[in-house]
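So the structure is just underneath, and the comments pick up after that.
The values are calculated or read from the model by the stated rules, or taken from the named source; none is laboratory data. In this text, all values refer to a predicted model and were calculated from it rather than measured experimentally. FYI the Cβ positions are ideal-geometry reconstructions off the backbone, even for glycines, and counts take in every protein chain you see. We work out accessible area using only protein heavy atoms, side chains counted, and drop any ligands, DNA or RNA first. Shrake-Rupley method; radii C 1.70, N 1.55, O 1.52, S 1.80 Å.
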Amino acid sequence: AAKAAGGGSCHVVTQALRERAAHRLTVENDLRRAVEEGELRVHYQPVVDLRDGRRTGFEALVRWAHPRRGLLLPEQFLDVARDCGLLAAVDGLVLEEALGFLARHPGVHVAVNTSARRLDGTFAATVARGLRCRGLSPDRLTVELLEDAIVPGDPVTESELCALATLGVGVLIDDFGTGYSALSYLRRLPVTGLKLDRSFVADLPQDAGSDRIAAAVAGLAGGFGLTSTCEGVETAAQARHLAAQGWQSAQGFHFGVPAPEERWFPLSSGSC
Ligand code: C2E
Ligand code: MG
Ligand code: MG
Ligand code: MG
């Protein structure tokens, strides 16, 4: 009986795996179509100056307006995009859209997320071309990279980051504190800012460990002359606490949720 039960649960596992694989393939085919047919959208979340609460810019965040499943968040499709080689296409669409947003709204600043895979030796040139053909000042754009995207000593990563820095585009380390990289890259690479991961903000101001990490990272940013931003600020108490630690900027539901362009610029014609 034990044997039969074992075989049964094994069968269930295999069945589950098979269903997962089938589901993934469906999402993959669906995503290819979505990219071609323009179902990806960009939402913008405000970034504010913690000292006075004023809005200084936005982060562009991808969404998938799925015809049947509704509005999908990145966690529901970026892994599939990564696995099937579509992430660069997704990032490319978001970059184009964000540049259009900059062109439509003089004076605003935008940050876009970029995957490691896009730092392939052509990325900085693509960014430069996109800015130039729209006559946009490079300091209005920041590129957000996960720590894991930084491969110290990799010549392509380094030349891409240097090219972005020369251009005058900001380079920010996203979700700072959650990656595995050694801090030594801060010494050598032209990074311009740190963004503290929201896991270190969530339990503020009560949690002593979070408090120490947030304070230390603020000090690190200050010491290197980097801009400092924290994400996931959901309460006024968190905002006050982080401001007192010297954090410059913040984003989070307390200040504004990611929303379509029309939400922030209701009177814009939307055309460029
Ligand atoms: P991220 O770059 O760390 O973006 C911040 C995420 O935190 C966003 O999730 C945002 O909606 C969420 N968030 C903002 N404020 C709060 C808050 O107060 N509380 C909580 N609980 N969450 C908050 P979202 O939009 O689901 O994006 C998830 C991740 O997907 C992003 O994390 C980013 O790493 C990635 N991503 C988004 N768009 C793109 C893209 O165009 N390209 C690439 N490569 N990655 C992207
Ligand atoms: Mg980001
Ligand atoms: Mg982040
Ligand atoms: Mg994050």
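If a residue must be touching a Phe, Trp or Tyr at 6+ places or on another chain (Cβ under 9 Å) and away from ligand 4 (no atom under 16 Å from the Cβ), how many such residues does segment 188-206 contain?
The qualifying residues number 1.
Taking the conditions exactly as written (open to solvent by less than 60 Å² (accessible area, probe 1.4 Å), in contact with a helix residue (DSSP H, G or I) (Cβ under 7 Å, 6 or more places away or on another chain) and within 14 Å of ligand 2 (Cβ to nearest atom)), does A250 satisfy them or not?
Yes: the conditions hold for A250.
Within the set of pairs 6+ apart or on separate chains, which have a first residue in segment 59-84 that is modelled with pLDDT of 95 or more, a second that is open to solvent by 40 Å² or more (accessible area, probe 1.4 Å) and of a type outside the set (S, T, Y), and C-beta atoms under 6 Å apart?
R63/R41; R63/L71; A65/R41; A65/L71
Which residue pairs have Cβ atoms under 8 Å apart, sit 6 or more places apart or on different chains, and have a first residue in segment 87-108 that is over 13 Å from L40 (Cβ atoms) and within 16 Å of ligand 2 (Cβ to nearest atom) and a second that is assigned to a helix (DSSP H, G or I) and open to solvent by 10 Å² or more (accessible area, probe 1.4 Å)?
Filtered contacts from segment 87-108: F101/E261.
Test of understanding: among L146, L194, L183, L167, which residue is within 13 Å of ligand 3 (Cβ to nearest atom), without any contact (Cβ under 8 Å) to a residue 60 or more places away in the chain and either among the polar types (S, T, N, Q) or open to solvent by 40 Å² or more (accessible area, probe 1.4 Å) (or both)?
Answer to the check: L146.
Count, please, the residues in segment 116-143 that happen to be closer than 25 Å to L220 by Cα, open to solvent by less than 20 Å² (accessible area, probe 1.4 Å) and either out of contact with any helix residue (DSSP H, G or I) (no Cβ under 9 Å at 6 or more places or on another chain) or not hydrophobic (A, V, I, L, M, F, W, C) (or both).
Number of matching residues: 1.
Tell me yes or no: at least one residue of segment 228-237 is among the polar types (S, T, N, Q) and in contact (Cβ under 8 Å) with a residue 60 or more places away in the chain.
Yes, that holds for at least one residue.
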